1. Taking only pairs six or more apart or across chains, which ones have beta-carbon atoms under 8 Å, a first residue in region 241-259 that is modelled with pLDDT under 95, and a second residue that is of a type in the set (D, E, K, R)?
2. For residues that are out of contact with any Asp or Glu (no Cβ under 9 Å at 6 or more places or on another chain) and crowded, with 20+ Cβ neighbours inside 10 Å, scanning just region 111-124, find the one that is farthest from Glu176 (Cα to Cα).
3. Of all residues being in contact with a strand residue (DSSP E or B) (Cβ under 6 Å, 6 or more places away or on another chain) and not β-branched (Val, Ile, Thr) in region 164-186, which is farthest from the ligand (Cβ to nearest atom)? Just the residue, please.
4. Looking only at region 222-239, which residues are away from the ligand (no atom under 16 Å from the Cβ) and either assigned to a loop (DSSP other than H, G, I, E, B) or over 21 Å from the mean Cα position of the chain (by Cα) (or both)?
5. Of everything in region 22-44, what is within 14 Å of the ligand (Cβ to nearest atom) and not in a loop (DSSP other than H, G, I, E, B)? Give them in sequence order.
6. Which of the residues belonging to region 240-259 are more than 13 Å from the ligand (Cβ to nearest atom) and touching a Gly at 6+ places or on another chain (Cβ under 7 Å)?
7. Among Gly206, Gly196, Gly161, which is within 16 Å of the ligand (Cβ to nearest atom) and closer than 16 Å to Leu41 by Cα?
Amino acid sequence: MHRIDGLILDMDGVLWRGPRVMPGLATFFQAIRRLRAGFILATNNSTRTVGQYVDKLAGLGVQVRPEQVLTSAYASADHLLGMTERGAKVYAVGEEGLDAALESRGFRLAADGAQFVIAGLDRAFTYRKMATAATLIRKGARFIGTNPDLTLPTPSGPLPGAGAVLAAISAACGIEPTIVGKPEPLMFQQALAWLGTDPERTAVVGDRLETDILGGKNAGVRTILVLSGVTSKELLAESPIRPDWVFDDIGALSTALER
Ligand SMILES: [Mg+2]
């Protein structure tokens, strides 16, 4: 663990779980800073803006810069920058976080003549949006999905996630999207590029085996599972996905990092 130069941190289930903030949050970031390790906060959630995450963390006593937060929406916008020039027309099916990400990279949000369709979680998804997206894709627009999560955990149980929106559009046009978020490697590869660290000396910290840990493995980085989120010891024992390290929570991880 002393060879880790960079951390890619999941947030929900790691730094907090729903409304409950993990004990030792500020201490964890102090430990990372003492080690002079770089970090990127990376989330599949495409609905919030980077500024909203910066503000949330500041409210918890942790100062992070906007360039230390990568959502699947910003990762999708950056992926698009590698395919086309700024100013290209993009049809976005999503919420505030996706529109903000695309506009911050200079893309124009428009359906008419769009060469790209980017879709993620959209809690105002309609038949009209599905039809517009499917028609553009049928005419040759590239189809990109922010993240594949089929469901979204809520206090009242799982609700449809980004993956359900993507599945509806895919069903209507017969074409599957390129996925940017975890467990696909694109977002983690961008995080690596931002950190500038060697994959062997970079670790993903997450609470979910099928996204964080599998995604880390797909991107060729080391993997750290914390048991403070959705994965229990029992689920871990049954899974074929094996993280490099396992800790109860960020408190235990802080201790290991400082050892
Ligand atoms: Mg999580």
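1. Filtered contacts from region 241-259: Glu258/Arg34.
2. Going through region 111-124, the residues out of contact with any Asp or Glu (no Cβ under 9 Å at 6 or more places or on another chain) turn out to be 111-119.
Now restrict to residues that are crowded, with 20+ Cβ neighbours inside 10 Å: 114, 116-119.
Values: Ala114: 18, Phe116: 13, Val117: 12, Ile118: 12, Ala119: 12 Å.
So the residue we want is Ala114.
3. Filtering region 164-186 for residues that are in contact with a strand residue (DSSP E or B) (Cβ under 6 Å, 6 or more places away or on another chain) and not β-branched (Val, Ile, Thr), the one farthest from the ligand (Cβ to nearest atom) comes out as Pro177.
4. So the first thing to find is which residues in region 222-239 are away from the ligand (no atom under 16 Å from the Cβ), and the list is 222, 233-234, 237-238.
Across region 222-239, the qualifying residues are Lys233, Glu234, Ala237, Glu238.
5. In the first step, residues of region 22-44 are kept if they are within 14 Å of the ligand (Cβ to nearest atom); the result is 22, 41-44.
Leu41, Ala42, Thr43 - these are the residues of region 22-44 that are within 14 Å of the ligand (Cβ to nearest atom) and not in a loop (DSSP other than H, G, I, E, B).
6. Of the residues in region 240-259, the ones more than 13 Å from the ligand (Cβ to nearest atom) are 240-248, 251-259.
Passing the criteria: Gly251, Ser254.
7. Working: Gly196 fails: within 16 Å of the ligand (Cβ to nearest atom); Gly161 fails: closer than 16 Å to Leu41 by Cα.
Going through Gly206, Gly196, Gly161 in turn, just one is within 16 Å of the ligand (Cβ to nearest atom) and closer than 16 Å to Leu41 by Cα: Gly206.
To keep it simple, each residue is scored yes or no on (1) surrounded by fewer than 21 Cβ atoms within 10 Å (Cβ to Cβ); (2) part of a helix (DSSP H, G or I); (3) among the hydroxyl-bearing types (Ser, Thr, Tyr).
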residue	(1), (2), (3)
Thr154	yes, no, yes
Ala164	yes, yes, no
Ile169	no, yes, no
Ala172	yes, yes, no
Glu176	yes, no, no
Pro183	no, no, no
Ala191	no, yes, no
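The values are calculated or read from the model by the stated rules, or taken from the named source; none is laboratory data. Everything numeric in this text was worked out from a predicted model, so none of it was measured. Neighbour counts are summed over all protein chains in view; Cβ atoms, including those assigned to glycine, are modelled from backbone coordinates with ideal geometry.
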